[in-house]
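Heads up: the structure comes next, in structure tokens.
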Amino acid sequence: MYVGHTLSVRRSTKANELLSVIFDVEDGRSKDVGPGWVRLNPDDPEDSGIQGRHPLFMDPLANGDYPHSMRSLVGKRLPKFTKEESKLVKGSFDFLGLNYYTTNYAAYASNHNSVNGSYTTDAQANITPQQNGVPIGPKAASEWLYVYPVGIHEIFLYTKRMYYNPLIYITENAPTSSLAQNISRKYDTVFLNRSSFPAGFIFGTGSSAYQEDVRIMKEMNTDAYRFSISWTRLLPNGTINGGVNKEGVKYYNNLINELLAKGLTPFVTIFHWDTPQTLEDQYGGFLSPRIVNHLKDYADLCFKEFGDRVKHWITINEPSIYANNGYVSGIFAPGRCSAWQNANCTGGDSGTEPYIVAHYLILSHAAAVKVYRDKYQASQKGSIGLTTVSDWYVPYSDARHNVNAAKRSVDFSLGWILDPLVYGYYPHTMRVLVGNRLPKFTKKESQLVKGSYDFLGINYYTSSYAAYAPSQNNLQLSYNTDSRANATAVRNGVPIGTQASGSFWLYAYPQGLYDLLMYTRTKYNNPLIYVTENGVSEKNDPTLSLKQALNDTHRIDYHFKHLTKLSEAIRDGVNVKGYFAWSFLDNFEWAWDGTINGGVNKEGVKYYNNLINELLAKGLTPFVTIFHWDTPQTLEDQYGGFLSPRIVNHLKDYADLCFKEFGDRVKHWITINEPSIYANNGYVSGIFAPGRCSARQNANCTGGDSGTEPYIVAHYLILSHAAAVKVYRDKYQASQKGSIGLTTVSDWYVPYSDARHNVNAAKRSVDFSLGWFLDPLVYGYYPHTMRVLVGNRLPKFTKKESQLVKGSYDFLGINYYTSNYAAYAPSHNNLQLSYNTDSRANATAVRNGVPIGTQASGSFWLYVYPQGLYDLLMYTRIKYNNPLIYVTENGVSENNDPTLSLKQALNDTHRIDYHFKHLTKVSEAIRDGVNVKGYFAWSFLDNFEWAWGKTSRFGIYYVDFNNGQKRYPKLSSHWFKKFLKK
């Protein structure tokens, strides 16, 4: 049972103040209750009474009096409610506010003398966050706060049962860290989170250049982490009697707690080849049966210290490799082998010792499993197994002797370890060929070993061909020759697969994983399997640049193909429940000129293939924009880029190449990003490339006409989009099963007043931004207002073009940042025609001295107005037949202030406020019928913002532009991570 209270973060964290009265009633309204939960010691009968004695401060409100335990223990020092006061207090709430942060253990404490009576001792209970040196949960930055989510569940149930199931609001709940503790509770994702949106709703983020940060975006999105405990880190002398290293225990407790706090499941290996040197010196390590009890005792210590949290135990990693490389070839510790095998060995016999070592490894495993099952499994609810490794062996030919050689090879690797675990004895082939050199299990040992697993771990890297080999003379007996099979990776001059540059023995052969798993299913009664290692290496080449070294396309290929085969095996009935890539880190490994005719840059294709594959490997869906304002300079020089109709076919060909090279994996295509911004800023104001405008508009422009060119450019952008969509639909969509659309951007416009001329000005403003592109795509022509006001300067679609453009989308992307007031503006003279004045509307963010919203410090044009996003989405639903929409950009900036410390720069509460409020409005729009299917925050990283460069920061990750582009998570990234948790 659990009881107790702890003060919320907003109050002092001093220990004595933590126990001050938390619940109060003021002006007849409910206020917050700030409890922590207290877990009792189940082994102490005295603790059973604490529940009734620990003050909960809810009794007066629910029952009209203090708890019986308080009245008994505090006595006359506890004020009494008069009958009138009791009636006043009882039921004085419509809801309860509950603040929860942490949980403590509670233990009985004897009565203190009455002279020094204190609230802190009256409960006769001691509270502590630790039990037997193990914290109740991961510790946060606040010294009193330990993460224990179960506590809030228990408080809910207790409050429901004891206080008549009142209406509850969680008014505070958050972990504390140097950043996360600054997130206001109004942004708590209890109230707005992924579940607020429809199933299948996609959340993404945008960035301009830093694709290499996929790893940071998703933080790999793995579920589990497999690591090994070092025997001598816990037992420096190898035995319990030799003493336990408490610092070692603490180290692994911290690691396990950290993994669990991050949502990662620990898979823990007890022995990974690090035999204590003392045991090697005393009796030869695994050459002696004495090792069995010592490993059993070491495993017992692990179960005792960590088993309350570790639920997947691997007793031994790859026993066959330890036996082979340590006692056959001698290339691993302890470096033993026959003298003729390796002159550097310290002694040994390659024909006997590996079998002895493997025998005691198996018995040690079985002894550890028995301890776990006898003492811990029932209470700890975990599982235990062993990890073995094996190549797959393909017969060198169909000849029977080679087929049999392949079977024996599997017996001498996989079967060597698994046959005893499943059947209680070694494979028949080994018993025949090795003879008396192969140890035998006694009947008792066989019973101990047989069935000593809940799951099997299988490590797979490569395969070989196996060919028959004749018997060797009895003078040079070795495990390597006992199977009477030669293993080779090459047959008739052709390797079985691509050789890894960093491992001479590793040839990529994914089919081998499938075959090995299917064999295990059939031979070993379809056990529960985890593929605990699978991976490929590359040579550590110091001549490579960092960029070259990071370009591991071979690894993507390896994992992709092996995971494909793993999936096939599962479909075919193999009981595989997990896959671990080896390894997360490099470690110490034991011993467009713009045209197709101008040529395709194969390295560019390779770059994007790598990026797309990496995204998919990390579970991230690529949304790919084909044109984001980077018109090839050659096409600008040849014919003026988007001022010419020639651009349409060239963009179409470029898009065709993209679909061809990447469309098998890319299922969401955006032809053009924000065409209105490209046309406006590049051809009206001239502040973007190619920097064209009327001379009166900007003296720095290289030429242009702000009253005609933006409309021409937009026209060819729309036709280019439609041409690309047609190619996709005609050639690729049916087979690639993807979707295609265009992303536009628009402010929302609020009438400056209710006067009709201002209302109409707002409508025209939307037509000249959103309608400029969506009217053609939906209806096949420009908005009526534009056709009237722009006149002959606005290009016209031919009938064929109109048919091509109309309906050229599967979805629409909408970028939204800000809103403006729109007021009527009179017509300008015909000498200074400009897109900026053609709408006869003035846009302003300020009305009667009051801005429409808070101005972003890093963008003079951006005022925060979340309602505008809702209104824009609702307008799009009604005006454009409720299309499928992705909000493809939404975000806010801050000024790049070099005077701020890094801690200050990361504290972007304004960004959390922005996204929280805008996402709330997106959620409202969805509930009101808008077909929004995704939301992308702009941007993931601080970036070079076009005309404004590095003066403004939009990222949820901070980029240190002066220190190698190093990234740091801003406060908003912590919020998003919590918001996006599945």
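Of the residues in segment 293-332, how many are under 21 Å from P354 (Cβ atoms), touching a helix residue (DSSP H, G or I) at 6+ places or on another chain (Cβ under 6 Å) and of a type in the set (A, V, I, L, M, F, W, C)? The qualifying residues number 6. V932 meets each of the listed conditions (1) more than 25 Å from W861 (Cα to Cα); (2) open to solvent by 10 Å² or more (accessible area, probe 1.4 Å); (3) β-branched (V, I, T) apart from (2).
Among the residues of segment 377-385, are any farther than 18 Å from W313 by Cβ and polar (S, T, N, Q)? Within segment 377-385, not a single residue is farther than 18 Å from W313 by Cβ and polar (S, T, N, Q). Filtering segment 369-413 to residues that are of a type in the set (G, A, S) and either out of contact with any helix residue (DSSP H, G or I) (no Cβ under 7 Å at 6 or more places or on another chain) or in a loop (DSSP other than H, G, I, E, B) (or both) leaves A378, S379, G382, S383, G385, S390, S397, A399, A405, A406, S409. Screening T239, T269 for residues that are over 20 Å from Q130 (Cα atoms) and in a loop (DSSP other than H, G, I, E, B) leaves exactly one candidate, T239.
Taking the conditions (1) at pLDDT 95 or above; (2) surrounded by 19 or more Cβ atoms within 10 Å (Cβ to Cβ) in turn, D730 satisfies each one other than (2). Which one is farthest from the chain's Cα centre (by Cα) among residues in segment 437-467 that are of a type outside the set (G, A, S) and closer than 30 Å to S537 by Cα? Restricting to residues being of a type outside the set (G, A, S) and closer than 30 Å to S537 by Cα, the top hit is Y465. In this structure, is L900 open to solvent by 70 Å² or more (accessible area, probe 1.4 Å) and not in a strand (DSSP E or B)? Yes, satisfied.
Could you identify the single residue in K250, K296, K218, K246 that is of a type outside the set (V, I, T) and modelled with pLDDT of 95 or more?
Checking each option against the conditions leaves just K296.
In the set N848, N890, N895, N882, only one residue is assigned by the TED database to the domain that holds N680, within 23 Å of L742 (Cβ to Cβ) and exposed (fewer than 15 other Cβ atoms within 10 Å of the Cβ); that residue is N882.
There is at least one residue in segment 402-417 that is open to solvent by 10 Å² or more (accessible area, probe 1.4 Å), closer than 17 Å to A487 by Cα and aliphatic (A, V, I, L, M). Kindly indicate whether any position in segment 568-584 is within 23 Å of the chain's Cα centre (by Cα) and in a helix (DSSP H, G or I). No, because not a single residue in segment 568-584 is within 23 Å of the chain's Cα centre (by Cα) and in a helix (DSSP H, G or I). Being modelled with pLDDT of 95 or more, assigned to a loop (DSSP other than H, G, I, E, B) and more than 21 Å from L770 (Cβ to Cβ) holds for only one residue in V624, V666, and it is V666.
The sole residue among Y781, Y809, Y817 that is open to solvent by 10 Å² or more (accessible area, probe 1.4 Å), in the same structural domain as G707 (by the TED database) and farther than 30 Å from K921 by Cα is Y781. Number of residues in segment 744-761 that are surrounded by 19 or more Cβ atoms within 10 Å (Cβ to Cβ) and either outside the structural domain of R847 (by the TED database) or part of a loop (DSSP other than H, G, I, E, B) (or both): the value is 3.
What about Y782, is it part of a loop (DSSP other than H, G, I, E, B), modelled with pLDDT of 95 or more and in contact with a helix residue (DSSP H, G or I) (Cβ under 7 Å, 6 or more places away or on another chain)?
Numbers: part of a loop (DSSP other than H, G, I, E, B): yes; modelled with pLDDT of 95 or more: yes; in contact with a helix residue (DSSP H, G or I) (Cβ under 7 Å, 6 or more places away or on another chain): yes.
The answer is yes for Y782.
Quick one: count up the residues across segment 520-550 that are assigned to a helix (DSSP H, G or I) and within 30 Å of the chain's Cα centre (by Cα). Count: 5. Only a single item in (1) surrounded by 12 or more Cβ atoms within 10 Å (Cβ to Cβ); (2) assigned to a helix (DSSP H, G or I); (3) of a type in the set (D, E, K, R) is not met by D65, and it is number (2).
Within segment 697-720, residues that are within 30 Å of I740 (Cα to Cα) sit with their Cβ atoms under 7 Å from residues that are assigned to a loop (DSSP other than H, G, I, E, B), at 6+ positions apart or across chains, in these pairs: E709/R692; P710/V684; Y711/L794; Y711/P795; I712/P795; H715/P795; Y716/P645. Condition check for G741 on (1) surrounded by 22 or more Cβ atoms within 10 Å (Cβ to Cβ); (2) in a helix (DSSP H, G or I): one failure, at (2). Cβ separations smaller than 9 Å between residues 6+ apart or across chains give the following pairs from segment 834-863 residues that are basic (K, R) to residues that are modelled with pLDDT of 95 or more and surrounded by fewer than 16 Cβ atoms within 10 Å (Cβ to Cβ): R847/S753.
Among the residues making up segment 75-101, a single one is crowded, with 17+ Cβ neighbours inside 10 Å and modelled with pLDDT of 85 or more: V89. D349 fulfils the conditions (1) open to solvent by 30 Å² or more (accessible area, probe 1.4 Å); (2) in a strand (DSSP E or B) except for a single criterion, (2).
The values are calculated or read from the model by the stated rules, or taken from the named source; none is laboratory data. Remember, predicted model here, so these are calculated numbers, not experimental data. Cβ sites come from the backbone with ideal geometry, for glycine too, and all protein chains shown count toward neighbours. The accessibility values were calculated without ligands, DNA or RNA, using every heavy atom of the protein model including side chains. Shrake-Rupley method; radii C 1.70, N 1.55, O 1.52, S 1.80 Å.
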